[in-house]
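Novice: Would you mind keeping the following structure in view while I ask a few things?
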Amino acid sequence: MNLNSQTFSSIRKPKIFNNPERFIEGWYWVTPSQNLRVGEVKPVTILGRELVIYRGKDKRVVTLDAYCPHMGAHLTEGKVEGNALRCFFHHWKFDAEGMCIDIPCLDIPPSLKLQTWPTAEKYGMIWVWTGEIPQQPLPFVPELEHKECDVAIHSHFLLNCHPNVVMINAIDAQHLNTVHKLPLEIIFERHELNENAIIFSNTTPIKDNFFLIKLIRLFYKNIITYSICYWYGSIGIVTIGPDFFHVHMMVAVRLHEGGKTEGQVLLMTKKRKGVFGWLCNRVVLWLTKIAAKYFLMGDIKILQTIQFDLKTPIKADHSIMQFINHVEKQQSLMWGTWQEMRSRDVESKPRRERWEDTMSND
């Protein structure tokens with residue numbers, strides 16, 4: 001394979017990948033939905049920015065900048081009133097759109113708006129879009145895009161490396177043989193779902209070395225599916241299993257202070273009807289949990305101590321380089337400020353049309 005600039009244009013100095021000061025504009029997890037009750041307000045810090053979230057009477061979650069624009073009081077000290085939030089200090093009241101709608105000492109409040117951020121709920125998690133207008137739907141498993149899912153929140157973790165480095169672990173073909181002892185050669189085929197999502201699918205069939213594999217192959221053409229769908233360079237959804245039984249694991253990560261990674265692991269499967277379907281899904285999620293534990297435990301030891309620097313790429317690293325190129329093409333924001341970063345020699349691209357969705361809080 002010719003590892004030239006056409007294959008990997010940013011091998012020496014990637015501007016976004018593994019950069020502790022930048023992240024890709026997109027959807028990021030905030031906290032499990034069950035952690036925020038109706039009428040409750042909580043402080044959260046996401047990608048270096050201090051925010052508050054609250055759940056109004058209508059059960060929708062609202063995300064605002066953390067400090068009152070009057071004198072800078074932290075709004076987490078405030079009180080939820082209906083679907084609005086009232087600051088504790090001088091009792092200024094802000095609605096779900098961030099508009100100031102009441103100041104006790106004034107008959108008519110000034111035209112003042114607090115920064116709000118698009119917020120939605122899915123997979124048992126609260127998510128926030130880090131820009132003004134969502135450009136993509138919430139991340140989804142491609143084969144379950146239009147299906148309901150049963151989800152189990154598996155674990156929360158903190159790692160000493162950048163989220164992008166955590167993400168490439170699933171397509172590091174070499175480590176699947178060395179660390180996890182998989183008895184096959186992994187070769188990935190790339191497919192871009194959209195400008196923020198990319199899929200890597202294994203194209204190598206498993207050899208008929210075992211009786212079970214031979215038996216299954218009598219009824220199913222492709223024995224094992226192994227694919228990874230990435231969103232925003234920070235969410236990886238692994239789909240694995242035989243044709244008739246796929247399990248899915250989402251690893252959702254975000255950049256933490258000091259270039260570290262904070263993440264959540266979600267286990268999911270398509271929703272099945274009836275009591276039998278419910279029981280079946282409990283078994284499926286349990287099996288997915290076992291698989292997740294097997295793959296994660298060996299990798300965590302590496303990811304806690306790695307100092308990533310791809311100086312000598314080889315043929316087996318081809319998918320990793322494709323992923324890095326994919327990350328480099330996306331819109332980046334600065335840690336803490338959430339401001340856009342563009343090179344001086346690149347003209348600003350026109351804003352894309354708004355992605356339309358109900359944005360409902362399930």
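The values are calculated or read from the model by the stated rules, or taken from the named source; none is laboratory data. Just so it is clear, the model here is predicted, and its values are computed rather than measured. Positions of Cβ are backbone-derived with ideal geometry, glycine not excepted, and every protein chain shown enters the neighbour counts. Accessible surface areas use protein heavy atoms only, side chains included; no ligands, DNA or RNA. Shrake-Rupley method; radii C 1.70, N 1.55, O 1.52, S 1.80 Å.
Novice: Once both labels are modelled 7 Å past Cα along the beta-carbon direction, what's the Met71-Arg282 spacing in nm?
Specialist: 5.5
Novice: Okay, next question. Divide, for the range 220-283, the radius of gyration over alpha carbons by 2.2 N^0.38 Å, where N is the residue count.
Specialist: Here the answer is 1.42, to two decimals.
Novice: Follow-up. Grab the alpha carbons of the range 44-152, take their convex hull, and tell me the volume per residue in Å³.
Specialist: Dividing the Cα hull volume of the range 44-152 by its residues yields 129 Å³.
Novice: Just check the range 111-199 against the gyration tensor rule for me: Cα atoms, a ≥ b ≥ c as the square roots of the eigenvalues, rounded for a/c under 1.5, and otherwise prolate or oblate depending on whether a/b exceeds b/c.
Specialist: Prolate is the answer for the range 111-199, as a/c is 1.5 or above and a/b outweighs b/c.
Novice: Please name whichever of Tyr123, Cys87, Cys105 sits farthest to the positive end of the charge dipole of the range 80-130, dipole taken about the Cα centre and charges placed at Cβ: Lys and Arg +1, Asp and Glu -1.
Specialist: Value computed over the given set: Tyr123.
Novice: OK, next. Please name which of Gln331, Gln307, Gly277 has its Cα lying farthest along the dipole of the range 269-335 towards the positive end, using unit charges on Cβ (Lys, Arg +1; Asp, Glu -1) and the Cα centre as origin.
Specialist: Among Gln331, Gln307, Gly277, the one farthest towards the positive end of the dipole of the range 269-335 is Gly277.
Novice: Could you grab the relative contact order for the range 100-164? Cα pairs under 8 Å, six or more apart, rounded to a whole percent.
Specialist: It rounds to 21 percent for the range 100-164.
Novice: Compute the signed sum of charges (Lys and Arg +1, Asp and Glu -1) over the other residues within less than 11 Å, Cβ to Cβ, of Val38.
Specialist: +3
Novice: Cα centroid distance between the range 135-151 and the range 269-311, in Å?
Specialist: Computed from Cα coordinates, the inter-centre distance equals 17 Å.
Novice: Going by amide H atoms built from the backbone, whose H comes under 5 Å of the H on Arg22, apart from near neighbours?
Specialist: HN-HN under 5 Å from Arg22: Trp335.
Novice: Same structure again: Probe radius 1.4 Å, ligands and nucleic acids ignored: give me the carbon and sulfur share of the accessible area of the range 261-344 as a rounded percent.
Specialist: About 62 percent, which is the carbon plus sulfur part of the accessible surface.
Novice: How large is the translational diffusion coefficient of the range 280-340 in µm² per second when you combine the Kirkwood radius over alpha carbon pairs with Stokes-Einstein at 10 °C and 1.306 mPa s?
Specialist: The calculation lands on 103 µm²/s.
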